[in-house]
Structures are given as structure tokens and as C-alpha cells.
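Trainee: The structure that follows is given in the form of C-alpha cells.
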Amino acid sequence: MIHQKWLIPATKGLSFRMEKGQVMRVTDSEGEQVADLVAYLAGDFGERFDPGITMDALSSMKIKPGDKLYSNKYRPILTVLSDTVGQHDFINPACRSEMYELLYGKKGHASCYQNLNHALEAYGIPSPDQYYSLNLFMNTVIKPSGQISVERPKSKPGDYIELRAEMDIIVAVSACPCAESACNGYHCTAIEVEIL
């Protein structure tokens, strides 16, 4: 298999194909940078990674090495092989321009929704109403009161997660463009992706 490596510039996105059994490593190059990840079954875009179903299947909001991530049809789509951070987010949808307008009063802001749409155009995957992604390195804290707080990521420069494809898939990753909050430590940076 051919080794591939990309550096996703800050605030941009990338898509690529993975064959069953291939392993990707997503690395936070400079630390405190979120990467939204989505995956679709190659040949059937109606089947995709689903964070809600993954939480249901795992009975957990956290993942660890050995855990499988599930599709919307309750089939394993990815397996976590290694993880140097241990803190990721399943509950927040991909950021979009309307979110920046509502929360920060900014119109036309770059977003993960836009990045993922653009990246997946190359594979003919239609834009959904919303992306429900695996938000790598995102540090979401749910307080006893039920209040949700997105805090600075715990990832340091060079921290990574490795995921193995359990079926042939199309993957897209967005280096989140939110510099308005602690989500990316108030500063957007690059994300590195490798097919090992």
C-alpha cells in the first residue's frame, strides 16, 4: 500500500479514500486544534459514520483504543487503534456560517460545514443538511447542571489518533476555523493526516 501524507492548512478541509484495513493517523501539528472528521461508505453514500449510534453502541461518550466507531446502520466503520489525547467530541455538529452569525455576530465566516462540503465534492457526495462528525481533539465538558462548555483542547503538538477502516470509505477532515472561542485555543492551526 502507498503511504500518503497531507498537511491540511488552518481553516481548510481535505477528502481521501481509504480501503478496508488501511490506517489513518490524524495529528494535531501545533496543539489545541480541532479536526472534524466524517466518513461515508464508498459506493453507498447513504451509509456514514454516526456519532449518536456510536455512543449508543459503546454506551459511552468517550472512545479508547480498541473501540469501534459505527455507521448509521450500526455497522463498524472505523476502529480506534491508538490515541495520545483521549478527549474528543461526539455531540456537537460541524460548525457552519449560521452558527457564527448567531453566536458571534459574524456573517459569511468559514466553517467545517463549508470545508467538508467542498472537500467531498470531488467524490460526488451531496451536501447534507448538517454534518454530525467525530470532532477530534475537541474538549467538550458537560457539567452536572447539563450546561455544555467547549474548553481548550488537551492536545499538545504532535498528539494523534490512529483509526483503521473497517470498510472501503471516503473520509473528509476539516481543520476547524473557529478562533472566536476556546474550541481551538483561540488560534487556528494546521492538521496532519497520514495513511500509514
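Trainee: If Tyr100 satisfies every condition in (1) on the phi > 0 side of the Ramachandran plot; (2) touching a His at 6+ places or on another chain (Cβ under 6 Å) but one, which is the exception?
Mentor: Going through the list (1) on the phi > 0 side of the Ramachandran plot; (2) touching a His at 6+ places or on another chain (Cβ under 6 Å), Tyr100 breaks only (1).
Trainee: Next question. Given (1) of a type outside the set (Ser, Thr, Tyr); (2) surrounded by fewer than 23 Cβ atoms within 10 Å (Cβ to Cβ); (3) at pLDDT 95 or above; (4) farther than 19 Å from Val80 by Cα, where does Asn115 come up short, assuming only one miss?
Mentor: Going through (1) of a type outside the set (Ser, Thr, Tyr); (2) surrounded by fewer than 23 Cβ atoms within 10 Å (Cβ to Cβ); (3) at pLDDT 95 or above; (4) farther than 19 Å from Val80 by Cα one by one, Asn115 breaks only (2).
Trainee: Can you tell me which residue within the stretch 30-50, out of those that are in contact (Cβ under 8 Å) with a residue 40 or more places away in the chain and over 15 Å from the mean Cα position of the chain (by Cα), is surrounded by the fewest Cβ atoms within 10 Å (Cβ to Cβ)?
Mentor: Out of the qualifying residues, it is Gly43.
Trainee: Might you let me know whether the stretch 71-82 holds any residue that is on the phi > 0 side of the Ramachandran plot, within 16 Å of the chain's Cα centre (by Cα) and crowded, with 21+ Cβ neighbours inside 10 Å?
Mentor: No, the stretch 71-82 contains no residue that is on the phi > 0 side of the Ramachandran plot, within 16 Å of the chain's Cα centre (by Cα) and crowded, with 21+ Cβ neighbours inside 10 Å.
Trainee: Look at Tyr132 and say whether it is out of contact with any Ser or Thr (no Cβ under 8 Å at 6 or more places or on another chain), assigned to a loop (DSSP other than H, G, I, E, B) and within 13 Å of Ala39 (Cα to Cα).
Mentor: Judged against the criteria, Tyr132 is a match.
Trainee: Can you tell me which residue within the stretch 151-180, out of those that are touching a residue at least 60 places away in the same chain (Cβ under 8 Å) and within 18 Å of Tyr100 (Cβ to Cβ), is farthest from the chain's Cα centre (by Cα)?
Mentor: Filtering first and then ranking leaves Glu180.
Matching residues to (1) surrounded by 20 or more Cβ atoms within 10 Å (Cβ to Cβ); (2) in a strand (DSSP E or B):
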{"residue": "Val141", "(1), (2)": "no, yes"}
{"residue": "Ser149", "(1), (2)": "no, yes"}
{"residue": "Pro153", "(1), (2)": "yes, no"}
{"residue": "Lys156", "(1), (2)": "no, no"}
{"residue": "Ile161", "(1), (2)": "yes, yes"}
{"residue": "Arg164", "(1), (2)": "no, yes"}
{"residue": "Ala172", "(1), (2)": "yes, yes"}
{"residue": "Cys188", "(1), (2)": "yes, no"}
{"residue": "Glu194", "(1), (2)": "no, yes"}
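Trainee: Which residue out of Tyr40, Tyr74 is modelled with pLDDT of 95 or more, more than 22 Å from Asn139 (Cα to Cα) and assigned to a loop (DSSP other than H, G, I, E, B)?
Mentor: Criteria check complete, one pass: Tyr74.
Trainee: Please find, within the stretch 174-186, the residue that is surrounded by the fewest Cβ atoms within 10 Å (Cβ to Cβ) out of those that are within 19 Å of Val85 (Cβ to Cβ) and touching a Cys at 6+ places or on another chain (Cβ under 8 Å).
Mentor: So the residue we want is Cys178.
Trainee: Among what's in the stretch 14-29 and is of a type in the set (Gly, Ala, Ser) and surrounded by 16 or more Cβ atoms within 10 Å (Cβ to Cβ), pick the residue that is nearest to Leu81 (Cα to Cα).
Mentor: Taking the candidates together, the pick is Ser29.
Trainee: Here are Cys176, Cys188: which of them is closer than 25 Å to His118 by Cα and in contact with a helix residue (DSSP H, G or I) (Cβ under 6 Å, 6 or more places away or on another chain)?
Mentor: Unique residue meeting the criteria: Cys176.
Trainee: Go through the stretch 57-75 and give me each residue that's among the charged types (D, E, K, R) and in contact with a strand residue (DSSP E or B) (Cβ under 8 Å, 6 or more places away or on another chain).
Mentor: Lys64, Asp67, Lys68, Lys73, Arg75
Trainee: So, in the stretch 83-111, how many residues would count as being within 14 Å of the chain's Cα centre (by Cα) and assigned to a helix (DSSP H, G or I)?
Mentor: So the count comes out to 0.
Trainee: Take the residues of the stretch 96-112 that are surrounded by 15 or more Cβ atoms within 10 Å (Cβ to Cβ) and touching a residue at least 40 places away in the same chain (Cβ under 8 Å): which is nearest to Gly46 (Cα to Cα)?
Mentor: If we take residues in the stretch 96-112 being surrounded by 15 or more Cβ atoms within 10 Å (Cβ to Cβ) and touching a residue at least 40 places away in the same chain (Cβ under 8 Å), then Cys112 is nearest to Gly46 (Cα to Cα).
The values are calculated or read from the model by the stated rules, or taken from the named source; none is laboratory data. Quick caveat: nothing in here was measured; it's all calculated off a predicted structure. When we count neighbours, we look across all protein chains shown, and the Cβ atoms used for this are built from the backbone with ideal geometry, even at glycine.
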